[in-house]
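What follows is one structure encoded as structure tokens, with my remarks underneath.
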Amino acid sequence: MAVAQNPWALSLRRFAKFGDRVAVSSRGQTLTYAELVAQADAVLAAVIGAGANPGEVIAIVARNGPGVVVASYGVMASGAAEFVVDLNLGLDDTAYAMRILGVRRVLVERSELPRVEGLGLDVLVLEDILARPSCDAPELPFDPHAWGKTIMTSGTTGRPKAIVHRHDRRWIAHELLRSHLPFAPGVSDRVLLMNAWSHGAALLAATWFETGASIELIAGVDVSYADELFARGELTAIFAPPTVLTKLVEGTRHKRIDCIKCVFCGTATLQPALYHAAAAQFGPVIRVTYGKSEMFNPITVLEMDEAADYYRNLSSFDAVCLGTAARGVEIEIRDETGRLCTTGEHGEIHLRSPHMMHGSVDEQGFHELPDGAFHATGDLGYRDETGRLFLAGRAHDVMKTGGYKIYPEEIERVLPSGMVVVGIPSAHWGEIIVAVSDDGADHAQSVAAATAGLARYKHPRACLTIAQIPRSLQGKVQRARVREMVLARYALIDGPYPRFGPR
């Protein structure tokens with residue numbers, strides 16, 4: 001797909017036809033499509049007026065709400081590259097991201113100015129930009145191969161790195177996601193987005209805007225507020241990765257919610273117990289996709305009816321089905337030597353597609369992904385005889401105990417909600433499997449009952465507690481940190497019958 005003109009600028013022109021229809025709402029604050037176009041044009045003019053060049057990284061520091069949407073569209077329409085800062089980042093991590101990306105200019109809401117003080121950046125205050133008289137938006141020469149979007153990884157395997165997407169590939173990803181939606185959003189459709197705009201929320205919102213639908217964009221998971229919207233029947237869809245879906249299912253006061261056409265789920269594996277609880281709440285409308293910072297959603301799709309069939313007939317817990325490849329996505333499973341694995345054989349998932357990342361940035365600089373190259377994901381899994389992809393876990397999470405290799409997810413799928421599994425180094429066993437919770441309860445009996453059907457070597461040797469399960473910004477468990485916290489609190493008494501005592 002050739003991208004000759006700036007597609008985001010063209011999108012804004014199309015949005016104008018929706019006029020006074022609400023594009024964004026956020027706890028009663030609204031932004032119409034006419035306002036979105038006018039305010040994004042103001043941001044575009046300010047960015048270009050500040051001297052930004054095509055592909056230059058412009059940071060955006062704004063809370064979920066109308067402001068971050070207009071800032072995002074204004075930057076993309078200018079031809080510069082957006083970097084929306086996740087406000088869950090600490091000040092040190094924010095400074096690190098700005099430094100490795102070479103950020104010189106930042107768009108910031110006035111309330112967030114303390115986050116960028118002392119960084120030596122050219123600061124553009126969003127409220128000041130929007131208060132200026134309107135003017136015709138200038139244009140920069142558009143380079144489809146220039147940087148268009150940057151995003152920080154979750155940092156589950158070390159210091160986060162920045163992923164870079166070119167303008168043309170970012171647009172291809174947008175069109176791919178739009179073409180795979182389970183229905184075409186209409187004027188009466190409204191999707192609830194509670195995740196950071198810097199990640200999946202922005203991707204889904206962009207597809208909603210193309211047809212004049214609306215989004216409810218709030219900061220953080222607020223189950224009480226979501227319940228109000230459910231009660232009024234104001235939502236038709238939700239973006240709910242497993243961590244969000246868990247909070248909704250466990251916290252809602254409604255026994256049944258019938259207004260939802262689709263629950264968009266992804267970013268982490270959807271465990272069977274959570275699927276069944278969510279389906280009982282919303283109906284069989286849960287849809288699973290696989291996406292990564294390096295290749296945006298969708299990589300694979302498990303449609304709502306397919307998910308219902310899969311989870312109804314689920315008999316194996318060695319991996320979770322993610323569906324079949326989206327159009328244009330190539331998937332290979334390779335073993336440790338690089339050999340292509342056969343059907344059903346576990347190995348590392350490798351991906352290639354037209355919407356692949358351009359490369360990554362760390363403290364050593366930019367590392368371009370060669371044209372035509374596959375991306376080694378670090379995810380482990382296999383494909384079945386129908387071509388469906390199954391995810392078993394992360395390569396660096398595999399535990400080795402008594403000569404067996406075990407994925408933590410194999411055990412977590414049967415454990416009580418919220419518990420995680422890690423391996424503790426052992427001279428006798430290699431690693432000792434432990435189940436960890438952060439609710440202070442004694443889960444020994446429930447874990448023993450839940451794992452009774454698993455192979456004996458997969459049974460946790462102990463049930464331990466820590467103050468809080470550490471997670472990345474995307475909600476993924478940081479197992480290395482869990483292991484550190486366990487070892488800080490407990491001493492291992494190693495041997496054929498290992499035990500743990502308090503330190």
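The values are calculated or read from the model by the stated rules, or taken from the named source; none is laboratory data. All values reported here derive from a predicted model rather than from experimental measurement. Heads up, the Cβs are rebuilt from the backbone with ideal geometry, glycines too, and the neighbour counts pull from every protein chain shown. We work out accessible area using only protein heavy atoms, side chains counted, and drop any ligands, DNA or RNA first. Shrake-Rupley method; radii C 1.70, N 1.55, O 1.52, S 1.80 Å.
Once neighbouring chains are kept in place and the probe is 1.4 Å, which whole percent of the accessible area of region 397-503 is contributed by carbon and sulfur?
The value for region 397-503 is 50 percent carbon and sulfur by accessible area.
Would you check the accessible area of K161, probe 1.4 Å, heavy atoms only, in square angstrom rounded to 10?
Number for this one is 80 Å².
Leaving out ligands, DNA and RNA, and with a 1.4 Å probe, what % of the accessible surface on region 171-287 is carbon or sulfur? Display every interim value, and only then the final one.
Numbers: 1990 of 3710 Å².
Result for region 171-287: 54 percent of the exposed heavy-atom area is carbon or sulfur.
So how exposed is I48, as accessible area in Å² (1.4 Å probe, rounded to 10)?
Its accessible surface works out to 30 Å², give or take rounding.
Please give the solvent-accessible surface of D136 in Å², to the nearest 10, using a probe radius of 1.4 Å with every protein chain present.
Spelled out: D136, probe radius 1.4 Å, area about 140 Å².
By the scheme Lys and Arg +1, Asp and Glu -1, what is the net charge of all other residues having a beta-carbon under 10 Å from that of L302?
Around L302, the surrounding residues sum to -2.
Could you give the distance between the Cα centres of region 139-211 and region 91-121, to the whole Å?
So the separation of the two Cα centres works out to 22 Å.
Considering the convex hull of the alpha carbon atoms of region 270-387, report its projected area averaged over all viewing directions, in nm², one decimal.
If you wrap the Cα atoms of region 270-387 in a convex hull and average its projections, you get 8.9 nm².
Does region 194-317 classify as rounded, prolate or oblate by the C-alpha gyration tensor (a ≥ b ≥ c root eigenvalues; a/c under 1.5 gives rounded; else a/b over b/c gives prolate, otherwise oblate)?
Oblate.
Hey, if we sort T153, T451 by accessible area with the 1.4 Å probe, largest down, what's the order?
From most exposed to least exposed: T153, T451.
Provide the per residue accessible area, probe 1.4 Å, for region 99-141, rounded to a whole number of square angstrom.
62 Å²
Show me, for region 455-466, the HN-Hα J-couplings you get by feeding each phi into the Karplus relation (A = 6.51, B = -1.76, C = 1.60, θ = phi - 60°), rounded to Hz, glycine and proline as x.
4, 4, 6, 9, 6, x, 7, 7, 10, 10, 10, 10
To the nearest 20 Debye, how big is the dipole of the chain about its Cα centre, given +1 on the beta carbon of each Lys and Arg and -1 on that of each Asp and Glu?
Rounded to the nearest 20 debye, it is 760 debye.
Go through K17/K292; K17/K261; K149/K476; K292/K405; K292/K400; K149/K400 and tell me which ones have a Cα-Cα distance over 29 Å in this structure.
Pairs exceeding 29 Å: K17/K292; K149/K400.
How much area per residue is accessible in region 209-295 when the probe is 1.4 Å and only protein heavy atoms are counted (Å²)? Intermediate results must be reported in sequence, preceding the final value.
Numbers: 2860 Å² over 87 residues.
Roughly 33 Å² per residue, with all protein chains present.
Scan around A81 for amide H atoms under 5 Å from its own, H built in the peptide plane at 1.01 Å from N, and keep only partners 5 or more places away or cross-chain.
Those lying under 5 Å, H to H, from A81 are G55, E56, V57, I58.
Hey, could you grab the Kirkwood Rh for region 56-211? Inverse mean 1/r over distinct alpha carbon pairs, Å, one decimal.
Hydrodynamic radius (Kirkwood, Cα only) of region 56-211 equals 16.6 Å.
Counting only Cα, what are the radius of gyration and maximum Cα-Cα distance Dmax of region 6-87, in Å?
Both quantities, over Cα of region 6-87: 12.4, 36 Å.
When only DSSP loop residues count, what GluC sites (Glu not before Pro) in region 257-359 have their Cβ near at most 13 other Cβ atoms within 10 Å? Mind dumping the intermediate values first?
Details: sites: E294, E303, E306, E330, E332, E336, E345, E348; in loops: E294, E303, E336, E345.
The qualifying sites are E336, E345.
From largest accessible area down, sort I100, I286; use a 1.4 Å probe on the protein chains.
Descending accessible area places them as I100, I286.
Grab the eigenvalues of the alpha-carbon gyration tensor for the chain, scale each by 5, take roots, and send me the semi-axes largest first in whole angstrom.
Those come to 39, 25, 23 Å.
Out of all Cα-Cα pairs in region 145-253, roughly what percent, to the nearest whole number, are more than 25 Å apart? Provide the component values of the computation, followed by the final result.
Working: 1785 of 5886 pairs.
Pairs farther apart than 25 Å: 30 percent.
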